[in-house]
1. Condition (residue is closer than 19 Å to residue 214 by Cβ, modelled with pLDDT of 95 or more, out of contact with any helix residue (DSSP H, G or I) (no Cβ under 7 Å at 6 or more places or on another chain) and surrounded by fewer than 21 Cβ atoms within 10 Å (Cβ to Cβ)) applied to the range 170-185: is it met by at least one residue?
2. Could you list all residues from the range 159-197 that are within 15 Å of the chain's Cα centre (by Cα) and under 24 Å from residue 41 (Cβ atoms)?
3. With (1) assigned to a helix (DSSP H, G or I); (2) surrounded by 14 or more Cβ atoms within 10 Å (Cβ to Cβ) as the list, and residue 243 as the residue in question, which single condition is left unmet?
4. Which one is farthest from residue 75 (Cα to Cα), of the residues in the range 91-150 that are in a strand (DSSP E or B) and either out of contact with any strand residue (DSSP E or B) (no Cβ under 6 Å at 6 or more places or on another chain) or in contact (Cβ under 8 Å) with a residue 24 or more places away in the chain (or both)?
5. Taking the residues in the range 33-74 that are free of Cβ contacts under 8 Å to residues at least 12 places away in the same chain and not in a helix (DSSP H, G or I) as candidates, determine which candidate is nearest to residue 112 (Cα to Cα).
6. Residue check: is residue 115 within 25 Å of residue 35 (Cα to Cα), surrounded by fewer than 19 Cβ atoms within 10 Å (Cβ to Cβ) and modelled with pLDDT under 95?
């Protein structure tokens, strides 16, 4: 069983301090964006155009992560606190992903970029790096408590041993999804897979695992998540993203077969 360890914050001045989660989140953004720039250069994509796309995706992503966290997980706070409810430090990962996609779609409509599957792969490779480090931050601060468990990877929370879903996601992303993403990137460079396959992998692999992990999450009474008809908001987002993944993959494979007939 993993001990419950709380890392101290780094005081700046007054009541301001840098939190461990903030450090890892900022690191994820930095290394993720850096990877996007590198892949754009390697694949001959205009770096300035890609960075514009990053801005169109990232800004609504952060806004959505804050706003949808309150709207979906703590809606009663709006009636109790008004606009002050949106000062919550919590973030909805799927809320951020969803609004990032909306921003990306708006970018596509406005700028009509070339080779959308390739551009999406470039963005997703950086996003996976950022998401992995972000989930490490969640695991360090233990802000996704699960149900009680004696599983050997459970964390010994102050009240009882529990699943730590932030930590589990970090293990899944860091040891499975990220290595697969880098492997597929290499296969694309070697012209063994078409553009868009990296995105397919993420859309088909992450949502089902996240959907299943959500059943281990604690309920809202102990800092867990609100349920709607028995499912968490993340589970509904998982269904949505997986469905889009099936559509995306079918389109990528169909286009590839048409361009490369046997």
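The values are calculated or read from the model by the stated rules, or taken from the named source; none is laboratory data. Treat the numbers as computed from the prediction; the structure is a model and nothing was measured. Here the Cβ is made from the backbone with ideal geometry for all residues, glycine too, and neighbour counts use every protein chain on show.
1. Taking the range 170-185 and keeping what is closer than 19 Å to residue 214 by Cβ, we get 170-173, 176-177.
In the following step, the residues that additionally are modelled with pLDDT of 95 or more were identified as 170-173, 176-177.
Now narrow it down to the ones that are out of contact with any helix residue (DSSP H, G or I) (no Cβ under 7 Å at 6 or more places or on another chain): 171, 176.
Those still in the list that are surrounded by fewer than 21 Cβ atoms within 10 Å (Cβ to Cβ) too: 171, 176.
Within the range 170-185, one or more residues are closer than 19 Å to residue 214 by Cβ, modelled with pLDDT of 95 or more, out of contact with any helix residue (DSSP H, G or I) (no Cβ under 7 Å at 6 or more places or on another chain) and surrounded by fewer than 21 Cβ atoms within 10 Å (Cβ to Cβ).
2. Within the range 159-197, 177, 178, 181 qualify.
3. (2)
4. Within the range 91-150, the subset in a strand (DSSP E or B) is 145-148.
This time we only want the ones that are either out of contact with any strand residue (DSSP E or B) (no Cβ under 6 Å at 6 or more places or on another chain) or in contact (Cβ under 8 Å) with a residue 24 or more places away in the chain (or both), so: 145-147.
Working: 145: 20, 146: 21, 147: 23 Å.
The qualifying residue farthest from residue 75 (Cα to Cα) is 147.
5. If we take residues in the range 33-74 being free of Cβ contacts under 8 Å to residues at least 12 places away in the same chain and not in a helix (DSSP H, G or I), then 46 is nearest to residue 112 (Cα to Cα).
6. Working: within 25 Å of residue 35 (Cα to Cα): yes; surrounded by fewer than 19 Cβ atoms within 10 Å (Cβ to Cβ): yes; modelled with pLDDT under 95: yes.
So residue 115 fits the description; yes.
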